[in-house]
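Each reported figure results from applying straightforward, stated rules to the coordinates on display, with no laboratory input. All values derive from a computational prediction rather than experimental measurement. Cβ atoms come from the backbone with ideal geometry, glycine included; neighbour counts cover every protein chain shown.
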């Protein structure tokens, strides 16, 4: 995939951008770039598929609630570095994430010296509206199914129903138009399908 357009638009908005042909190359880069610091991780099938937790834990203090339980969210909130994926990335440069508990959303906005957002090619959409639609109608239902939720999107697996279910996982939306002030933000683009 050619990332030229999205890279140009992300860089014009102030994001740093790195491109990799596959998850192994991206994981090796992150493992070398992140060293001797505290690291928080947001819930992410992409990061899990890349084995990032084990790689970084060998030489960093890593906090990830998927591996250590809900209490790890507290350490992740104050970590030097934060890693997450995204639910949608517009070629025009907008970065979109939908969140249930708010830990990823909050950490994308504030509190870390550096933020890495790891994005497989399947997360890319041509416009903001298409990226938002992707987040709501593809990532949301797949994550609800993965978590065993009883929401219309999980049961039918086809789209967001903007439900009022107590099992709803789509409770907050974050759009980064530019990196927030004080947080260096790097987008890691991977020419491979990863996560939802």
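Measuring nothing but how far apart in sequence close Cα pairs (under 8 Å, 6+ apart) lie, relative to its length, the chain scores a relative contact order of 29 percent. From most to least packed by mean Cβ count within 10 Å, the peptides 144-156, 101-113 give 101-113, 144-156. Each part reduced to its alpha carbon centroid, the range 98-162 and the range 24-88 end up 18 Å apart. Overall form of the range 101-169: oblate. Here a/c, set by the Cα gyration tensor axes a ≥ b ≥ c, is 1.5 or more, and a/b is not larger than b/c. Here is the tail figure for the range 4-190: Cα pairs spaced more than 30 Å apart come to 15 percent of all pairs.
When the helix-only estimate is applied to the chain (DSSP H runs of n ≥ 4, each -39,500 (n - 2.57), divided by the residue count), what is the mean residue ellipticity at 222 nm, nearest 500 deg cm²/dmol?
-8500 deg cm²/dmol
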